[in-house]
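What follows is a set of notes on a single structure, which appears directly below.
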């Protein structure tokens, strides 16, 4: 049994917002922390809008939406998370920033605490984050959700060198309670999902750069020939070209291999501000409505 009743989320962005929505809908008391009040306001607004759409589509009833929203609180002081049984970090994918956060959490939830400290990182070493957490190292674990969180069923669960067996068991049980499937992976840069996915995306950029095929044709071949729901270049835009490039650099450094370095064309697009969906243009263009 996971014995978790209150879930804290650090970060009110797309991932943090999605994780907190799923947690509250599953019946957990949910606390969302962000240091920026505008981020919290936007997260609260998005929760209301997304859950209203669930009612429109017949997937939820209005009383259930009201109960879900009633379980979520939005705070801008980290020390207000003391009642949490697990804290899930969902902030920027930057090792230094994450380590700083885990150092703070390690002090807040010290050796006498049972609170689990989980990271939603998609590529950064859990062992390093656990080291930053000091006395809480055995309760640090990777809990990698996938976007959009309410839709995607997978949670990649990553143990660091210090992670206790009991921590892993509690997180796996929690994932099941959230309606997700927990799949274990060892602590190597990129874990499994990005270790396999990012080189494929990178190769698609190389194929485009070398004139093998135009982007739309690369994607169409992979969709029709490999039964992918989305081509690798379209997926890169969806993830964010800057995010893809950053994950590749983390993998190249972590795995000590330049074969994971981002394609020069990918880096050039990022430098030009063509980041994908979020900027309106990446590999493809996305006209504003």
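Some observations on this one:
- A viscosity of 0.692 mPa s and a temperature of 37 °C, combined with the Kirkwood radius over Cα pairs in Stokes-Einstein, give a translational diffusion coefficient for the stretch 132-175 of 293 µm²/s.
- Gyration tensor verdict on the stretch 152-210 (Cα atoms; rounded if a/c is under 1.5, prolate if a/b is larger than b/c, oblate otherwise): oblate
- Taken over the stretch 22-97, the ratio of Cα radius of gyration to 2.2 N^0.38 Å equals 1.21.
- Computed over the stretch 103-242, the quotient of the alpha carbon radius of gyration and 2.2 N^0.38 Å is 1.26.
- Distance between the 7 Å Cα→Cβ label points at residue 271 and residue 69: 4.7 nm.
- Choice from 114, 62, 162 with maximal GNM fluctuation in the chain (Cα, 10 Å cutoff): 62
- Helix-only mean residue ellipticity at 222 nm for the chain, each DSSP H run of n ≥ 4 adding -39500 (n - 2.57), per residue, nearest 500: -14500 deg cm²/dmol
- Against the chain, whose longest principal axis is taken from its Cα atoms, helix 241-254 shows a tilt of about 80°.
- For the chain, the convex hull drawn through the C-alpha positions has a volume of 139 cubic angstrom per residue.
- Exposure proxy order (Cβ contacts within 10 Å, fewest to most) of 10, 183, 212: 212, 183, 10
- The chain - percent relative contact order, Cα under 8 Å, separation 6 or more: 13
- Translational diffusion coefficient (Stokes-Einstein; Kirkwood radius from C-alpha pairs) of the stretch 194-277 at 25 °C, 0.890 mPa s, in µm²/s: 192
- Among 59, 195, 96: highest mean-square fluctuation, GNM of the chain, C-alpha pairs under 10 Å: 59
- Most fluctuating residue given options 226, 43, 244, as computed from a GNM of the chain linking Cα atoms under 10 Å: 226
Bear in mind these aren't lab numbers, they're just calculated from the coordinates by the rules spelled out. It should be emphasised that the depicted structure is a prediction, and the values quoted were computed from it without experimental measurement. All Cβ positions, glycine included, derive from the backbone under ideal geometry; neighbour counts span all protein chains shown.
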